[in-house]
Every structure is written in structure tokens, then in C-alpha cells.
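To start, the structure under review is shown below, and the notes come after it.
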Amino acid sequence: MAVLVTGGTGYIGSHTVVELLNNNYDVVIVDNYVNSKPEVLNRIFKITGKKPRFYEVDCTDYAKLKKVFQKEKITDIIHFAGLKSVAESVAKPQLYIDNNIGSSKVLLRLMDEFNVTNIVFSSSATVYGVPDHVPLKESDKIGGCTNPYGQTKLDIEYLLKDYAKEHKEANIAILRYFNPIGAHESGLIGEDPNGIPNNLMPYITQVAVGKRPHLNVYGDDYKTVDGTGVRDYIHVVDLAHGHLCALKKLEEKPGLVIYNLGTGKGTSVLELVHAFEKANNMKLPYVICPRRPGDVDENYAEVSKAYKEMGFKTKLNIEDACRDSWRWQSKNPNGYDK
Ligand code: NAD
Ligand code: UFG
């Protein structure tokens, strides 16, 4: 009776594993460390006092992953494993297709062979493409993805929908995440990007820790409250909790369900900068730069479906996330590399 967590040593995966262990789930992690470090497992143990079973396996490798299914009694899967850099996916689209779609196909094949019925999948708000309105509802149109990474998420959603049609016993939760930020309040686990961060919060914390001279704010002429881009930033611990709500929902045997995981509230780049300054009592240097290609004005979630159908509600706010992101970065200036 174990939950298989693919990509469980990554940013969202590690926080979800902590929530699962704290709620007495039996957890098996598979990860190939393409974007994570073995040290994460020690940190998970420090927080929870528990050691999940771990297999260093590439999820695109059918034969190796099959051995895990043979050894473990897997009842549920949370599928985080995937590459997620928008810029890298533009440079190497085939890598993203092979890794993200490839690993999902292998998992579905093994679910079928081993009669595993329940899976939660990490999708993204990116499947909504360029939104023509906000907040975004699960029933809104999807497609028109602006990069190969987003296209893989959309393609996997379709794979899952086809699988559900053929497998009436399958229960599938597609979770569309908005913008995860923050870290566990212990400061022991958090986001550890390789190289120059693409995303806003890790860039902010690297400026705060003195690794980068200033934040580049990409555009101040968007149609938003202060001209800077607006996103729905959700604390990663709330997001992790959303996966436990989804596992519970799947116990009701609902077939395929889709939920946005966000806060329902938009925050601009400058609002986030000022919240970070206030929460951590510091000044953050920034420079207004030209727009980043592909960025949209506003993107935030309609969250009532996740609340009504699986009781999911965020508990933490932007200030909590700013405080926790900074605690993680200041305690670990080089991430998991000491
Ligand atoms: P992450 O890179 O920190 O975690 C992904 C984990 O998967 C890493 O530990 C990596 O080593 C592992 N992995 C990748 N390919 C693998 C493979 N073939 N076999 C085994 N392990 C593999 O990313 P994250 O932010 O934790 O994201 C988790 C999931 O959520 C991803 O699928 C991502 O696309 C999705 N998502 C993330 C965001 C975000 O902003 N962070 C937003 C929407 C969706
Ligand atoms: N931004 C800056 N400076 C930076 C980084 C970002 O001003 O150094 C701005 C962006 O222009 C945007 C906002 O901060 O307005 C958020 O940018 P992020 O890169 O943090 O997040 P995005 O919303 O662009 O992208 C995220 C995920 C993608 C996913 C997308 C849509 O990182 O994987 O949401 O769901 F595709």
C-alpha cells in the first residue's frame, strides 16, 4: 500500500513527500537526479524522522521502473518527474518530448500491467496558453501553448484522457499548478535551481543573498495594477497539501478530474518585491527592463472547483512565502551544495 512519487526529490515533490510522511502514507520515491540532489533525502529525514524508500531510476526506462513495480505494492502514483525549463525546451524540444511524454507513457503502461488505478499528474497553468480573461476556470479553453514545455503538459493531459476512456477503473487527477513559491518553514528544503534562475522568486532570493546585483523586472507597461506582470503565487506547502486532497478525492473513484491549484489572487512583480522587502526587512535593488518574450499581462486561477470538490483551500499567504523562501536561501546560500 505505497504511494509512488516520481520526481520526489525535486522542489514540489520533496515538499509533498514531507506532507505524505507526516500524514503516515507509505512513500516510494523514484528520481534520476537530473534536476535534484541526494541531500534532499537527508533533509526529508531531518524534518519527518522518516526515510521514504528511494530508487534512482529514469522514468523513461520501462525495464528499470518495472522492477520497482515488482518490488513495491504501489496503489497510487503522484507523477512529478519532468523537465520544466521553458527556455531549455525551446532549445531542445525533442528532449522535452522524450522525457516528459516518454516517462508518462511508461507509467501508464505499468499502471495497466500492475492494475494501479490512481494517478495524480503535475500539469500547469501553461496549458491555458495566452488567456483572454482571468480568473482561469478548469473548463476554459486549453491549447495554443507558447513553448514546447507547455505543449508536453497539454499532450500528457490528452494521453491521460485517452487512458481514462479505455480504462473505466482508472482515477486520474490532473492538477494545474499556478506559480509555486516559498519553502518548508524549517528552511531545510526549498527550490534549488541550476545556474541563473528563470523564475521570479529564486531570482529575488539570489539578489537578497548577494549572488546577483539586482532583479531585472521584465516590463512595466502591462495592463495591470502597476504595469508589471501579475501571477497567482501559491505557497509550495499549500500546493503539497493539494496533492493529499487529490489522493483522498481519488478514493471516491471519480474517474478523471481536473483542478486548478492556485490562490485565486493575482500579485504583480513589484507587489511581490515589496512584500519580500517588508517580510524580511530589507531593500531589494531592481531595474526595469524590456518585456520578456512570451509573457502575458495577467494569469490567475479560479479556485472554487478545487474547494467544492476536494476541500482544497490555501492557508499561507505571500508574506509567509517571502519569509520562507528567504529562510531557505539564507540558510542554504548554495542550495543543497554546502
Ligand atoms: P523539479 O525539477 O524541482 O522536480 C522534478 C523532478 O523530476 C527532479 O527531481 C528531477 O530530477 C526529476 N526528473 C525529471 N525527469 C525525470 C525522469 N525522466 N526520471 C526520473 N526523474 C526525473 O520541478 P518542480 O518545480 O518540483 O516541478 C514538478 C512538476 O511540476 C514538473 O512536472 C513540472 O513540470 C510541474 N510544474 C511545475 C511548476 C513550477 O513552477 N515549479 C509549475 C507547473 C507545473
Ligand atoms: N519576472 C521578472 N524577472 C525575473 C523573472 C520573472 O520580472 O527575473 C516576471 C515575469 O515577467 C512574470 C513574473 O515575473 O511577469 C513571473 O515569472 P516566472 O518566470 O516566475 O513565472 P511564469 O508565470 O512566467 O512561468 C511559470 C512557470 C512556467 C509555466 C508558466 C505558466 O515557470 O513553467 O508559469 O503556467 F509555464
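Here, each number is a calculation from the coordinates, and none is a lab measurement. Quantities reported herein were computed from a predicted structural model and do not represent experimental measurements. With ideal geometry, Cβ positions are generated from the backbone for all residues, glycine too; neighbour counts draw on all protein chains shown.
Note on the stretch 1-146: lysine pairs with Cα distance below 19 Å, sequence gap of 8 or more or different chains, count 13.
How big is D, in µm² s⁻¹, for the stretch 278-338 by Stokes-Einstein at 20 °C and 1.002 mPa s if Rh is the Kirkwood radius over C-alpha pairs? Diffusion coefficient, whole number: 137 µm²/s.
Mind jotting down the distance between the C-alpha centroids of the stretch 232-269 and the stretch 79-158, whole Å? The stretch 79-158 and the stretch 232-269 have Cα centres separated by 16 Å. Extending 7 Å from Cα along the Cβ direction at residue 23 and again at residue 277 yields two label points whose distance is 3.8 nm.
Please figure out what share of the DSSP beta bridges in the stretch 197-312 is antiparallel and state it in percent, rounded to the nearest 5.
Roughly 25 percent of the DSSP beta bridges within the stretch 197-312 come out antiparallel.
Computed across the stretch 65-181, the Kirkwood radius stands at 15.1 Å (inverse of mean 1/r, all Cα pairs).
For trypsin sites (Lys or Arg not before Pro), the sites in the stretch 11-101 that DSSP calls loop and that have at most 12 other Cβ atoms within 10 Å are 73. Within the chain, antiparallel bridges make up roughly 5 percent of the DSSP beta bridges whose residues both belong there.
Label zone (residue 166, point 7 Å along Cα-to-C-beta; backbone nitrogen cut-off 15 Å) within the stretch 1-17: none.
Fewest neighbouring Cβ atoms within 10 Å first, the residues 112, 31, 238, 132 line up as 132, 112, 238, 31. Taking 25 °C and 0.890 mPa s as conditions, the chain diffuses translationally at an estimated 121 µm²/s according to Stokes-Einstein applied to its Kirkwood radius (Cα pairs).
With a cut-off of 18 Å on the backbone N, the residues of the stretch 260-276 near the modelled label site 7 Å out from residue 304 along Cα-Cβ are 260-266.
Projected label points at residue 112 and residue 73, each 7 Å from Cα along the beta carbon direction, are separated by 2.6 nanometres.
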